[in-house]
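The values are calculated or read from the model by the stated rules, or taken from the named source; none is laboratory data. These numbers come from a predicted model, not from an experiment. Just the protein is used for accessible areas: all its heavy atoms, side chains included, with ligands, DNA and RNA removed. Shrake-Rupley method; radii C 1.70, N 1.55, O 1.52, S 1.80 Å.
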Amino acid sequence: MTEVLVKPAGPARTSSRPSGLFRLTPASGIGLGIALVWFSVLVLLPLAAVVGAAAAGGWGAFWNTLTDAQTFAALRLTVIEAGLVTVVNGILGTVVAWVLVRDQFFGKRILDVVIDIPFALPTIVAGLVLLSLYGPESPVGINIVNTRQGIFLALLFVTLPFVVRTVQPVLIELDADVEEAAASLGASRFTTFRRIILPSLVPAITAGSSLGFARAISEFGSLVLISGNTPYQTEVASLKILKFIEGDNQAGAAAVAVLLLLVAIVTIVILDVVSRRVARRG
Amino acid sequence: MSIEVSGINKKYGDFVALEDINVSLPTGQLTALLGPSGGGKSTLLRIIAGLDTADSGSVEIEGVNATKLPPQKRNVGFVFQHYAVFKHMTVAKNVAFGLEIRKRPKAEVKAKVAELLELVHLSQFAHRLPSQLSGGQRRRLALARALAVEPSVLLLDEPFGALDAKVRKELRDWLRRLHDEVHVTTVFVTHDQEEAMEVADEIVVINNGRIEQIGTPDQLYDEPANDFVMGFLGDVTRLGNVRLRPHDIELALSPAVTPGTPPAFAGVIERTLRLGFELRLTVDVEGQGETTQVVLSRTHARALDLGVGTKVWLRPATGAISVPVLGVASA
């Protein structure tokens, strides 16, 4: 940059539009600056701080926290539950989106609005909602409080809209032509779905699933009421972090946080790679 | 007969898209469905392919009653107006799709795909994605994909639409040559009369959901069944109480009557327009509500020394094709 600025007038300046990779017009320079400052203050610096906090106790302390049987159990439970929820969402979310786009039925518009409720509700309210139907006072006689099934259900509830809302617009945009072309070439409806429609949806499904997964590993509000928080049984990572903080163990909390961060990043990268592969292969 | 369409009716709500359509198309023929937009020609094509169903009537393909058959079972190749290529598959995969579904052996699929890509001049693009192709190339890809399954009938919806003039022209010549090579019964929809006249063996003129006329390009041009067909297939003007082609009008500087010729109409030249080798005149004919268009060669016009304001006499040329103007009393 500096070198470009101090360069005397020459051939490089004849082009009014900078062509180099790092040369910016004043306007885009300011834009990039604002974006970076904003992003840093909100995201990058806090993230760096938490990594710093986790590292403060040294590698040994970090490792000890994570290999502590109770913490490990909480992390394992969180990742497994979130994984299962992601799989279920990927399938059922696509089905719901399909029904909302392709089928005509009474109450469709209402259902379309209701889908967003788990999004809009504070998650503690979501927990309360589930508790009132599937809690100790359950009118249907099902009590999921303090069970892993309860955690599963709560996570499903709060992550429901993600896949639906990412798949829906893609499904609306799909050309009817393409499906008709497949049909006239002899493809059955199932084959058309598998080889023509699904590959177009996969990027949207994975995008929605990643969001859902990220939400599931970080879920806190609804689980406070439902999970019961029994160590080794129903204790999830986010509640474990709370426990560490309450026990004045900042480094431990930060260690778990950093691990969750890593899991989230790895998952998003894996899903992205998968979606590129599948979308290309057909 | 390769395609036998009888008594087809189709309504969308109150709108009559097709009314009592009867057509039979012999094997190996290249047919154009010609008519203005919204006239029902694409609907007819979709009904033949099984993509739409008729309210009544029947469709027979190669002697099999296909009325109730789903598109998968009709063995019809359909080329869509907007290509409808599979965007996530390479060119070769697109063409192979129909064959892979039929579970043909891999080697056979590969050979067939290579052969078809050769035919549509896309061999060097086999491993590209459709998004990397031009409009004309995508259309050829769609055609190759439809031909891969060896359909008994090939249907094309506006195969030359949305392309620039030069590409249209190339594709047109190419389709005609392709048809002469492959010999599959082909039906294409177009709203461009020039395209239909140039490419097709037979033209079915469809307007407002009804067939106006069926015939070879020459028949339609020389013996139009009515006002509409005549107007749709070329320039038409009015002289007295008939409609005829502007180049079928004889122009003279005096009313001199040769025995046996019809009487001439007197008029004054209102406007002249030079277009290459021809001269188009707008003549205000006495006692006729609208003006008459006349086309002359430039040499002829120069010999007569014509200009705006010249008084002329017009009469239909001997052997001119004309149809009566509907609802107009003799002028």
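Data for the structure
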| read-out | value |
| --- | --- |
| Set B:Lys87/B:Lys169; B:Lys87/B:Lys110; B:Lys110/B:Lys169; B:Lys10/B:Lys73; B:Lys68/B:Lys169 screened for pairs whose C-alpha atoms are more than 28 Å apart | B:Lys110/B:Lys169; B:Lys68/B:Lys169 |
| Antiparallel content of DSSP bridges confined to the protein assembly as shown, in %, to 5 | 75 |
| For region A:92-135 and region A:159-180, distance of Cα centres in Å | 17 |
| Built amide H within the under 5 Å cut-off of B:Val79, gap 5+ | B:Leu155, B:Leu156, B:Asp157 |
| Fraction of accessible area attributable to carbon and sulfur, region B:195-331 (%, probe 1.4 Å) | 52 |
| Summed buried accessible area for A+B [probe radius 1.4 Å, Å², rounded to 100] | 1900 |
| Qualifying aspartates and glutamates (Cα of each under 16 Å from Cα of A:Lys243; at least 8 residues distant if same chain) | A:Asp68, A:Glu219, A:Glu235 |
| Axial C-alpha extent at least 18 Å, average Kyte-Doolittle at least -0.5 - helices from chain A (DSSP) | A:26-39, A:69-102, A:148-173, A:198-218, A:250-281 |
| Eligible aspartates and glutamates near B:Lys11 by straight Cα distance, threshold 19 Å, same-chain separation 8 or greater | B:Glu19, B:Asp20, B:Asp52, B:Asp55, B:Glu212 |
| Chain B shape via C-alpha gyration tensor axes, a/c threshold 1.5 | prolate |
| Rounded Å value of the spacing that divides the Cα centres of region A:233-256 and region B:121-175 | 63 |
| Chain B, helix-only ellipticity at 222 nm - DSSP H runs n ≥ 4, -39,500 (n - 2.57), divided by all residues, nearest 500 | -8500 deg cm²/dmol |
| Gyration tensor verdict on region B:184-309 (Cα atoms; rounded if a/c is under 1.5, prolate if a/b is larger than b/c, oblate otherwise) | prolate |
| Kirkwood hydrodynamic radius over Cα pairs of the protein assembly as shown, then Stokes diffusion coefficient at 37 °C and 0.692 mPa s, in µm²/s | 105 |
| Overall dimensions of region A:59-281 as given by Cα atoms, namely Rg and Dmax in Å | 20.1, 68 |
